[in-house]
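**Student:** Quick one: the structure is below, and I'll ask about it shortly.
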Amino acid sequence: METMVCDKVTKRYGKKEVVKNLNITLEKGKIYGLIGRNGAGKTTLLSMMAAQNPVSAGNVTLNGQNIWENQNALSHICFAREINLGTNQNTLASMRVRDYLKTASWFYPAWDKELAEKLTGKFELDAKKRLGKLSKGMLSAVTIIVALASKADFTFMDEPVAGLDVVMREYFYRVLLEEYMNSGRTFVVSTHIIEEASDVFEEVLILKEGELLLKENTTELLERAYRVSGLAETVEEAVKDLTCYHEEKSGRAKSVTVLLDAGESLPEGYDVSIQPLTLQNVFVALCGMEE
């Protein structure tokens, strides 16, 4: 099985560690969701997994081969991120969409020109238009086209739907699933719009302050996540033997998020309300601000 492995990967900028000793294995043929608050290290991690940013410690391998300066490995990896036009209007900003996509195709041996042209039409992009004249949403569409048309076995997408309207976001997730089903590629999608994306994530990775807080099958995670609420003293008694997160109090009422471990069960015989949670609820419970 084709795998990418991050082994004790660390990234430092000066004395600050923004990614801390991460151990992650990505298997081919899955869609992973990468979520975390701003500054959690998501973009830095993706850039290291694509060998666009050197690790400070540890290593990243694809099928056992270190990816750094390894063209054979890099030909199977695509990292599609926000296009930074900068301030120089005579360079990237002046490039036409069609020329940008043509240039991108040179880096990916399996580039699908037909798919790129189809998506250009679906996203209503004018291929003759210069990048500097595109809206934020249209620039996101260009990065999506590069990601999908690259046909790279491991494709990383950083905030791919930024600026897209709800119709185009829904189209993106539909075409992402179609490409995944047809090709068996691995995708890692980093996004802040968790609710929309959660249904397509087979596994979720949650980063908090540069550390891997959780990596789990999304369905299995949600099957053990609940909110327990009621009178504070009753809630405390009901969950006293369980692992709790994100307590909220209002007067005499209290609610907590519970993640059941193997062998644990929901409290019975207590006058409390028990509700299942969404992935966004779980994320907020694990990474949100404390009351």
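The numbers here are math on the coordinates, done by the rules we state, and not lab data. Fair warning: this is a prediction, and the values are worked out from it, not measured in the lab. Neighbour counts run over all protein chains shown; Cβ positions are idealised from the backbone, glycine included.
**Student:** By the scheme Lys and Arg +1, Asp and Glu -1, what is the net charge of all other residues having a beta-carbon under 15 Å from that of residue 133? Walk me through the numbers before you get to the answer.
**Tutor:** Numbers: positive: 96, 98, 128, 129, 130, 136; negative: 99, 124, 126.
Its environment carries a net charge of +3.
**Student:** Could you line up 150, 273 from fewest to most neighbouring Cβ atoms inside 10 Å?
**Tutor:** Numbers: 150 26, 273 12.
So the residues, fewest neighbours to most, are 273, 150.
**Student:** How high is the relative contact order of the stretch 224-287, in percent, counting Cα pairs under 8 Å that sit 6 or more residues apart? Let's see the in-between values first.
**Tutor:** On the way: 101 pairs, mean separation 28.5, N = 64.
44 percent.
**Student:** Between residue 196 and residue 248, what is the spin-label point distance in nm, taking each point 7 Å from the Cα along the Cα→C-beta axis?
**Tutor:** Roughly 2.3 nm, to one decimal.
**Student:** Out of every Cα pair in the stretch 224-287, what percent are spaced more than 20 Å from each other? Let's see the in-between values first.
**Tutor:** Details: 359 of 2016 pairs.
Percentage above 20 Å: 18.
**Student:** May I ask for the net charge around residue 153, where only other residues with Cβ less than 9 Å from the Cβ of residue 153 are counted and Lys, Arg are +1 while Asp, Glu are -1? Could you put the intermediate results ahead of the total?
**Tutor:** Details: positive: 28, 151, 185; negative: 2.
With Lys, Arg at +1 and Asp, Glu at -1, the net is +2.
**Student:** So, in Å, what gap is there between the alpha-carbon centers of the stretch 41-87 and the stretch 205-278?
**Tutor:** So the two Cα centres are separated by 36 Å.
**Student:** Same structure again: Within the chain, which whole H helices from DSSP have a Cα span along their axis of at least 18 Å and a mean Kyte-Doolittle hydropathy of 1.6 or more, if any? Don't skip to the answer; put the middle values down first.
**Tutor:** Numbers: long enough: 136-149 (20 Å, 1.89); 166-183 (25 Å, -0.05).
What comes out of the filter, once short or polar helices are dropped, is 136-149.
**Student:** Would you mind ranking 91, 218 by Cβ crowding within 10 Å, fewest neighbours first? Could the numbers behind the result be given before it?
**Tutor:** Details: 91 12, 218 19.
With the fewest neighbours first, 91, 218 line up as 91, 218.
**Student:** For residue 166 and residue 15, what is the calculated FRET efficiency with R₀ set at 41 Å and r taken between the beta-carbons, to the nearest 0.05? Please list the in-between numbers first.
**Tutor:** Working: r = 42 Å, r/R0 = 1.04.
Approximately 0.45, to the nearest 0.05.
**Student:** Residue-wise, which Karplus ³J(HN,Hα) couplings in Hz belong to the stretch 216-221, taking 6.51 cos²θ - 1.76 cosθ + 1.60, θ = phi - 60°, and x for glycine or proline?
**Tutor:** These are the phi-based 3J(HN,Hα) values: 7, 4, 4, 4, 5, 4 Hz.
**Student:** Give 28/133; 30/113; 28/129; 20/151 a once-over and call out the pairs whose C-alpha atoms are over 32 Å from each other.
**Tutor:** Beyond 32 Å: 28/133; 28/129.
**Student:** I want to verify a result. In a Gaussian network model of the chain, Cα cutoff 10 Å, which of these has the top mean-square fluctuation: 61, 186, 234?
**Tutor:** 234
**Student:** Given the chain, what percent of its DSSP beta bridges are antiparallel, to the nearest 5?
**Tutor:** On the way: 38 of 55 bridges.
Antiparallel bridges: around 70 percent, rounded to the nearest 5.
**Student:** For residue 213, list long-range residues whose amide hydrogen, built 1.01 Å from N in the peptide plane, is under 5 Å from its own amide hydrogen.
**Tutor:** 206, 207, 208
**Student:** Right, another one. For the ranges 240-250, 134-144, 193-203, 109-119, what's the packing order if you count other beta-carbon atoms within 10 Å of each residue, average per peptide, and put the highest first?
**Tutor:** For the peptides 240-250, 134-144, 193-203, 109-119, the packing ranking is 134-144, 193-203, 109-119, 240-250.
**Student:** Rounded to whole Hz and in sequence order, give me ³J(HN,Hα) for the stretch 17-27 from the Karplus expression 6.51 cos²θ - 1.76 cosθ + 1.60, θ = phi - 60°, writing x for Gly and Pro.
**Tutor:** 8, 9, 10, 10, 6, 7, 10, 9, 10, 10, 9
**Student:** Follow-up. Run the quick spin-label model on residue 7 and residue 274: label points 7 Å from Cα toward the beta carbon, then report their separation in nm to one decimal.
**Tutor:** For residue 7 paired with residue 274, the spin-label model returns 4.3 nm.
**Student:** With each run of n ≥ 4 DSSP H residues scored as -39500 (n - 2.57), what mean residue ellipticity at 222 nm is computed for the chain after dividing by its residue count and rounding to the nearest 500 deg cm²/dmol? Kindly include the intermediate steps, with their values, before the conclusion.
**Tutor:** Numbers: 10 runs with 89 residues, N = 291.
The per-residue figure over the chain is -8500 deg cm²/dmol.
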